[in-house]
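Below is one structure; the comments refer to it alone.
Quick note: the coordinates plus some simple rules give every number you see, no bench work behind them. Just so it is clear, the structure is predicted and the values come from calculations on it, not from any experiment. All Cβ positions, glycine included, derive from the backbone under ideal geometry; neighbour counts span all protein chains shown.
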Amino acid sequence: FTTQEKSMDMSDATEGASFWQSHIAAWQQSGLTQKAYCEQQELRYSTFGYWVRKLRRAAEPATKKKGAGFVPVIPATVQPTGLTLSLPNGLEIRGIEANNLSLVRDLLGMLA
């Protein structure tokens, strides 16, 4: 750590965040590259980059943040295709189409 970084109490996260927020704001106003700003201010470049990323992520809306949570899955409603034949005894034959009419005829013949 540099002299400035050592003088800051790193155990206090709030103080650490405000230290880096002020440096990031100053860097953005400076027009310098991150590396040039860090050299000028005697800051460790890798630590500065870490805080830039950390504070950007914290500022992102919650909807943009990637999470390891669950996403609700809503099953699609399956609509039956073809015709449905309802018999008086409550039996239903569903999905009657042109290609299975002979099967339906045979089923009805077995029930008669």
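A few points about this structure:
- Residue exposure proxy: Ile74, Ile96, ordered by other Cβ atoms within 10 angstrom of their Cβ from fewest to most, comes out as Ile74, Ile96.
- Per-residue HN-Hα couplings for the stretch 44-53 [Karplus 6.51, -1.76, 1.60; θ = phi - 60°; Hz; x = Gly/Pro]: 6, 4, 5, 5, 4, x, 4, 5, 4, 5
- Among Arg44, Arg56, a tally of other beta-carbon atoms within 10 Å of each Cβ gives an order, fewest to most, of Arg56, Arg44.
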